[in-house]
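To start, the structure itself, in structure tokens.
The values are calculated or read from the model by the stated rules, or taken from the named source; none is laboratory data. Treat the numbers as computed from the prediction; the structure is a model and nothing was measured. We place every Cβ from the backbone using ideal geometry, glycine too, and count neighbours over all the protein chains shown. All accessible areas refer to the heavy atoms of the entire protein, side chains included, with ligands and DNA or RNA removed. Shrake-Rupley method; radii C 1.70, N 1.55, O 1.52, S 1.80 Å.
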Amino acid sequence: MLKEQDVDAQGRHNIIFLSVVLIESLNLGMNDMKKSFASLIAILIFLLTSDLVDSQSVLSKFEIIGRDKSINIPFEYKNHFILTRVMYNKAIPLNFIFDTGAEHTLLLKKEYSDLLGNTYDRRIRLLGADQSVEMYALITRNVPMGLSPTVSFKQDLLVLEEDFFQLDELTGLYVDGIMSGSFFKTYVTHIDFKRNVLSFIQPNKFRINRKFVKVPIDIQNGKIYVKAEVTINNKKIPVKLLVDTGAGLPLLLYSDSNPDFKAPEKSIPGKLGKGLGGFLEGHIGKITELKLESFQFPDIVTSFQEMDSTIRLTASTQDIGFANRNGLIGNQLLSRFDIYIDYQKNLMYLNPIRDLKKEFRVDKSGMEILATGHDFKQFVVSSVIPSSPAQSAGLQKGDIIKRVGGLSTNLLGLDQIISTFSRKEGRKVKVQFIRNGVLKKTMVVLENLI
């Protein structure tokens, strides 16, 4: 049983600077490959000048009362997203991404809030990283939310006036919002990737098995940072990384945070994500190793991207943890563990549930596919990398994929299609597609591109 304890806070500033960045996951490893928008990295929100949207004023308090030691919330794990079912305003079931990398909870689709008559406390200006593109978000307070029939609470949310990110088409999933992991920080969070269950445990009831490895964490503005070590060109380099369950990649490094963080010679330039100012450019390749405590990840797929100077300015003013970090780790890596996060004691506990040395999934076709239409069952080629297997097979931007590997796309989801094009090098994948109303056939021979 839960109760709500709302924090009354009137913001003292009318203009707030937000840098909102949506970075794509790197499980693709290709130029122009937003196909892994099916595995998007988190939305990161950084605030410059306000008490209005800090963690003390926007987020209501989540509290377990009664004798229950913990509550368990099932989730779906799709396209490297943790998707929780939320009863918004206790009336509409919506899909929220559970995101330890987001400081605040965000509703992407304003129409739901309007439909239920939610009132707005304040309008906030959102600026892109280059400060040239602006949007607006609204704050709505004390919204009744439910995570199960017995788990309900109230929470303040940021509501986008326009769904700029359009995650539905990019992921092939219905994504309505981002649920901040820090909202539950007064409890120990258990992310069980084996059973697909989130648990929130009262700290005085929490006990840990000895098989778990203890990892010290640093908490800044509700976000979790760990110290690790990367090996690049036989050089071992200490790094500070954000633990980001809203990220679908294994590892991202900011290339301008260290002179050694340059993309390897065998890497692919590409668009790694989308922010308010447009697409973010970077490179995708592999590094020799990532080491986190006693755990080692050889030949790990890694994104290299510059940290935007505007974000640096925001971070240095408000978010010290972000300003000093070197990158982040996401769900492709995290999902190989059973995880407990103890915010109060600054500790994370990890126990492997999968082979840590197994290669991370990387697309080997060289094309981006978006899901559109009813139930996201129309799959459209959005871009093709020059000299890639997809281009060699004759596929072009705008082609509508109808069959993959002998199966009709009516029977497949975007994640299954991506998985098919991520199989072993040399595998031949039959593809049927429509171009200008004409059905065509081809064969894509998969190839390692990084």
- Query: Of the residues in the range 80-102, how many are open to solvent by 10 Å² or more (accessible area, probe 1.4 Å) and in contact with a Ser or Thr (Cβ under 9 Å, 6 or more places away or on another chain)?
  - Reply: 6
- Complete set of residues in the range 343-352 that are touching a residue at least 60 places away in the same chain (Cβ under 8 Å) and closer than 23 Å to Val230 by Cβ: Asn346, Leu347, Met348, Tyr349, Leu350, Asn351
- Kindly list, by first and then second residue, each pair from a residue in the range 241-255 that is assigned to a loop (DSSP other than H, G, I, E, B) to a residue that is basic (Lys, Arg), limited to pairs with Cβ atoms under 9 Å and residues at least 6 apart or on different chains. Asp244/Lys223; Ser255/Lys262
- Query: Within the range 322-338, how many residues turn out to be assigned to a strand (DSSP E or B) and surrounded by fewer than 21 Cβ atoms within 10 Å (Cβ to Cβ)?
  - Reply: 1
- Item | Test for Val384: is it open to solvent by 10 Å² or more (accessible area, probe 1.4 Å) and out of contact with any helix residue (DSSP H, G or I) (no Cβ under 8 Å at 6 or more places or on another chain) | no
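Give the range 344-371 a look and list any residue that's more than 30 Å from Ser70 (Cβ to Cβ) and surrounded by fewer than 15 Cβ atoms within 10 Å (Cβ to Cβ), or say none.
Lys357, Lys358, Glu359
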- Out of Ile139, Ile224, sole residue that is open to solvent by less than 10 Å² (accessible area, probe 1.4 Å), assigned to a strand (DSSP E or B), modelled with pLDDT of 90 or more and within 15 Å of Asn346 (Cα to Cα): Ile224
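Tell me, yes or no, whether the range 194-210 has at least one residue that is closer than 30 Å to Leu412 by Cα, open to solvent by less than 10 Å² (accessible area, probe 1.4 Å), modelled with pLDDT of 90 or more and among the β-branched types (Val, Ile, Thr).
Step one: filter the range 194-210 for residues closer than 30 Å to Leu412 by Cα, giving 194-198.
Now drop any that are not open to solvent by less than 10 Å² (accessible area, probe 1.4 Å), which leaves 198.
Right, trim to modelled with pLDDT of 90 or more and you get 198.
Right, trim to among the β-branched types (Val, Ile, Thr) and you get none.
Scanning the range 194-210 turns up no residue that is closer than 30 Å to Leu412 by Cα, open to solvent by less than 10 Å² (accessible area, probe 1.4 Å), modelled with pLDDT of 90 or more and among the β-branched types (Val, Ile, Thr).
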- Item | Qualifying positions in the range 393-448 - open to solvent by 30 Å² or more (accessible area, probe 1.4 Å), touching a Pro at 6+ places or on another chain (Cβ under 9 Å) and hydrophobic (A, V, I, L, M, F, W, C) | Val445
- Note on the structure: Flagged pairs (Cβ under 6 angstrom, 6 or more apart or on separate chains; first in the range 329-342, among the hydrophobic types (A, V, I, L, M, F, W, C); second open to solvent by 10 Å² or more (accessible area, probe 1.4 Å)) are Phe337/Pro352
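Results for (1) within 21 Å of the chain's Cα centre (by Cα); (2) modelled with pLDDT under 90; (3) of a type outside the set (D, E, K, R), shown as yes or no for each residue.
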{"site": "Lys266", "(1), (2), (3)": "no, yes, no"}
{"site": "Lys271", "(1), (2), (3)": "yes, yes, no"}
{"site": "Leu276", "(1), (2), (3)": "yes, yes, yes"}
{"site": "Leu290", "(1), (2), (3)": "yes, no, yes"}
{"site": "Phe297", "(1), (2), (3)": "yes, no, yes"}
{"site": "Glu306", "(1), (2), (3)": "yes, yes, no"}
{"site": "Arg312", "(1), (2), (3)": "yes, yes, no"}
{"site": "Ala323", "(1), (2), (3)": "yes, yes, yes"}
{"site": "Gln332", "(1), (2), (3)": "yes, no, yes"}
- Collect the residues in the range 116-136 that are crowded, with 16+ Cβ neighbours inside 10 Å, modelled with pLDDT under 85 and part of a loop (DSSP other than H, G, I, E, B), keeping them in residue-number order. Gly128, Ala129
- With respect to Phe379, determine if the residue is under 19 Å from Lys78 (Cβ atoms) and either charged (D, E, K, R) or open to solvent by less than 40 Å² (accessible area, probe 1.4 Å) (or both). yes
- Query: What about Ile341, is it aliphatic (A, V, I, L, M), touching a strand residue (DSSP E or B) at 6+ places or on another chain (Cβ under 7 Å) and open to solvent by 30 Å² or more (accessible area, probe 1.4 Å)?
  - Reply: no
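Inspect all residues belonging to the range 174-181 and state whether any of them is among the small types (Gly, Ala, Ser) and either surrounded by fewer than 22 Cβ atoms within 10 Å (Cβ to Cβ) or in a loop (DSSP other than H, G, I, E, B) (or both).
No, the range 174-181 has no match at all.
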- Message: Looking only at the range 151-166, filter to residues that are in contact with a strand residue (DSSP E or B) (Cβ under 8 Å, 6 or more places away or on another chain) and modelled with pLDDT under 80; which one of those is most open to solvent (accessible area, probe 1.4 Å)?
- Response: Phe164
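Look through Asp399, Asp338 and report the one residue that is of a type in the set (Asp, Glu) and more than 19 Å from Lys214 (Cα to Cα).
Details: Asp338 fails: more than 19 Å from Lys214 (Cα to Cα).
Among Asp399, Asp338, only Asp399 is of a type in the set (Asp, Glu) and more than 19 Å from Lys214 (Cα to Cα).
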- Query: Among the candidates Ser419, Ser387, which residue alone is over 28 Å from the mean Cα position of the chain (by Cα) and under 20 Å from Ile450 (Cβ atoms)?
  - Reply: Ser387
